[in-house]
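Student: Provided herewith is a single structure, encoded as structure tokens, for subsequent inquiry.
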Amino acid sequence: MDKWKLYKGSLDTIVLQLLGQNDRMYGYEITQKVKEVTEGELEIKEGALYPALHRLEAKGLLEVEVDHVGNRMRKYYKLTEQGLREKDNALQQLEDYLSTMKKLIDPNISFG
Amino acid sequence: MITLEQKHIDHLYDFVRRHFVPYYDLQTELVDHLASGIEKLSEEHPGKSFEQLLDIEFRKFGVHGFEDVVAKRANALSKEYYRLALERVAGYFKWPVILQSLFYGVLCYFTLTVIDSQWLPMAFYVFIIAVAIAGVVRLWRQKKQRERKYSRKWLLQEIIFNGGGGGVAILQLPLQLLLFFVNHGSERIELLWFRLLVAVSVVVLFRIVQVVCWVIPDQIDSILEERYKTYKFSD
């Protein structure tokens, strides 16, 4: 199975968590940070990252700032208050999901 | 690591435009992404040219290139547009403006009661469709005028001038109601609830057309300025 398919469902949570740990980030920086943190295990696809960022922005979870960096403009994303709350919810849901999956796939657990 | 010069940035803007991204807000984000990627790649492949590095970076967007990014951005902004439109339509049903809407509704209801013709509801919807067609023509003219005046295109601007959905979506609902009456007749016109329903639908449709074709386009400068203020909005 394509590993990316497993991660894709958690893309919003990954983005929210990264923005929770950093004041603000731009698209390319997010792709590089994920690559760095996961030691190359996960590479976020550009074609999926920007739609996710735009969707979260439209939901009011992210706000944007545009700054001039050298000879070009850079769009930074940061969490709103609502985004901060949503990040905590999303993390909790992800932890619950992981715990459920672990129960399902752990061969040592008896189902009675 | 190389730092891209202004000519490279101009080339990247041209590149994303040629790959079907006509909107400045999206162009800016994609240009920065490509530029950052090229700068990073130049460390790993010092022998490769700018064009070769751009090709590697662009391939990361997949076989559809920027198509998905543009489509999904349009989808997210359309939802924002519908919220804008809904707020303004709802504004016509709040005190004291609701008095005006009520007046139109009552006028419509009593006209249906007094004239008592099966054709009258259809005449109302034909009127709404005629107003909507005039509105769509107005939107199209305003869009052309703005495109001549400003070189930069913004995605939200495009959605506003498309009336939120391809320009003709605004005609669909009154047209469907009209077709319903043509196919099923309006023999229930003598019923009170039926006349009420027609009166309410006519007023609501009229307000929607008014908001989509007149109110929002007339506020376009302030809406775009608010949406894109972070770009220090200017042409």
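Here, each number is a calculation from the coordinates, and none is a lab measurement. In this text the structure is predicted, and so the values were computed from the model without any measurement. Don't worry about glycine lacking a Cβ; one is built from the backbone with ideal geometry, like all the others, and counts go over all protein chains shown.
Student: Test of the criteria: in the range A:6-96, which GluC sites (Glu not before Pro) are in a DSSP loop and have at most 16 other Cβ atoms within 10 angstrom of their Cβ? The partial results should precede the final answer.
Tutor: Numbers: sites: A:Glu29, A:Glu36, A:Glu39, A:Glu41, A:Glu43, A:Glu46, A:Glu57, A:Glu63, A:Glu65, A:Glu81, A:Glu86, A:Glu95; in loops: A:Glu39, A:Glu41, A:Glu43.
Qualifying residues, ordered by number: A:Glu39, A:Glu41, A:Glu43.
Student: For B:Lys79, list the lysines whose Cα falls under 17 Å from its own Cα; do not include residues on the same chain fewer than 8 positions away.
Tutor: Straight-distance partners of B:Lys79: A:Lys59.
Student: Please list, or write none, the aspartates and glutamates whose alpha carbon is within less than 13 Å of the alpha carbon of A:Lys103, excluding same-chain residues fewer than 8 places away.
Tutor: A:Glu95
Student: For chain A, take the longest principal axis of its alpha carbons; what is the angle in degrees between that and the long axis of helix A:46-58, to the nearest 10 within 0 to 90?
Tutor: 80
Student: Right, here's the next one. Calculate the dipole size of chain B relative to its Cα centre from +1 charges on Lys and Arg beta carbons and -1 charges on Asp and Glu beta carbons; express the result in debye to the nearest 20.
Tutor: Details: 28 positive and 26 negative charges, 131 e Å.
Approximately 620 debye in magnitude.
Student: Next up: For peptide B:72-81, what's the mean number of Cβ atoms from other chains within 10 Å of each residue's Cβ?
Tutor: Details: counts 9, 7, 1, 4, 8, 3, 1, 3, 4, 0.
For peptide B:72-81, the averaged partner shielding equals 4.
Student: Among B:Val203, B:Val114, B:Val126, which comes first, second and so on when ranked by fewest other beta-carbon atoms within 10 Å? Write out the running numbers ahead of the final one.
Tutor: Values: B:Val203 24, B:Val114 9, B:Val126 14.
Fewest-to-most Cβ neighbours within 10 Å comes out as B:Val114, B:Val126, B:Val203.
Student: With a point put 7 Å past each Cα toward its Cβ, work out how far A:Lys5 is from B:Gln118 in nm, to one decimal.
Tutor: 5.7
Student: Counting only other chains, what is the mean number of Cβ atoms within 10 angstrom of the Cβ of each residue in peptide A:51-60?
Tutor: Going residue by residue through A:51-60 and averaging, the value is 5.
Student: Taking every eigenvalue of the Cα gyration tensor of chain B, multiplying by 5 and rooting it, what semi-axes result, largest first, whole Å?
Tutor: Working from the Cα gyration tensor, I get semi-axes of 50, 17, 13 Å.
Student: Here's something else I'd like to know. Rounded to whole Hz and in sequence order, give me ³J(HN,Hα) for the range B:215-226 from the Karplus expression 6.51 cos²θ - 1.76 cosθ + 1.60, θ = phi - 60°, writing x for Gly and Pro.
Tutor: With coefficients 6.51, -1.76 and 1.60, one gets 5, 5, x, 6, 9, 4, 4, 5, 5, 5, 5, 5 Hz.
Student: P(r) for the range A:3-105: what percent of alpha-carbon pairs falls in each 10 Å bin, starting at zero?
Tutor: Reading upward from the zero bin: 14, 45, 32, 7, 2, 0.
Student: Moving to a separate point now. If you take each beta carbon of peptide A:29-39 and count the beta carbons of other chains within 10 angstrom, what is the mean? Numbers along the way, then the final one.
Tutor: Details: counts 2, 0, 4, 3, 0, 0, 0, 0, 0, 0, 0.
Counting other chains' Cβ atoms within 10 Å and averaging over A:29-39 gives 1.
Student: Further question: Please give the length that would be gained between B:Ile2 and B:Ala90 if that part of the chain were fully extended, namely 0.36 nm times their separation in residues minus their C-alpha to C-alpha distance (nm, one decimal). Walk me through the numbers before you get to the answer.
Tutor: Numbers: separation 88, 0.36 × 88 = 31.68 nm, distance 5.36 nm.
Length difference between fully extended and current span is 26.3 nm.
Student: OK, next. Taking chain B as the reference, fit the longest principal axis to its C-alpha atoms, fit the long axis of helix B:192-210 to the helix C-alpha atoms, and give the angle between the two in degrees, 0 to 90, nearest 10.
Tutor: The helix B:192-210 is inclined about 30 degrees to chain B.
Student: At 7 Å along the Cα-to-beta-carbon direction for both B:Trp214 and B:Arg18, put a label point, then send me their distance in nm to one decimal.
Tutor: For the pair B:Trp214/B:Arg18, the computed spacing is 4.6 nm.
Student: Separate question: Using 0.36 nm times the number of residues separating B:Lys48 and B:Leu196, minus their current alpha carbon distance, what extension gain do you get? Mind showing how you got there, number by number?
Tutor: Details: separation 148, 0.36 × 148 = 53.28 nm, distance 7.20 nm.
Additional length available on full extension: 46.1 nm.
Student: Sticking with this structure for a sec: Mind checking which lysines have their C-alpha under 18 Å from B:Lys153, skipping anything on the same chain fewer than 8 residues away?
Tutor: Within the straight-line limit of under 18 Å, B:Lys153 reaches these lysines: A:Lys75, B:Lys72, B:Lys143, B:Lys144, B:Lys229, B:Lys232.
Student: Still on this structure, please answer the following. Distance between Cα centroids, the range B:33-91 to the range A:23-61: provide it in whole Å.
Tutor: 12
Student: For helix B:67-91, what angle does its Cα long axis make with the longest principal axis of chain B, in degrees from 0 to 90 and rounded to 10?
Tutor: The angle comes out near 40 degrees.
Student: Given a Förster distance of 30 angstrom, what is the FRET efficiency for B:Arg138 paired with B:Glu67, based on the Cβ-Cβ distance and rounded to 0.05? Don't jump to the answer; show the numbers that get you there.
Tutor: Numbers: r = 31 Å, r/R0 = 1.02.
Plugging the Cβ-Cβ distance into 1/(1 + (r/R0)^6) gives 0.45.
Student: Just to confirm the filter: which chymotrypsin sites (Phe, Trp or Tyr not before Pro) across the range B:1-65 are DSSP coil and have at most 15 other Cβ within 10 angstrom of their Cβ? It would help to have the intermediate numbers written out before the result.
Tutor: Numbers: sites: B:Tyr13, B:Phe15, B:Phe20, B:Tyr23, B:Tyr24, B:Phe50, B:Phe58, B:Phe61; in loops: B:Phe20, B:Phe61.
The qualifying sites are B:Phe20.
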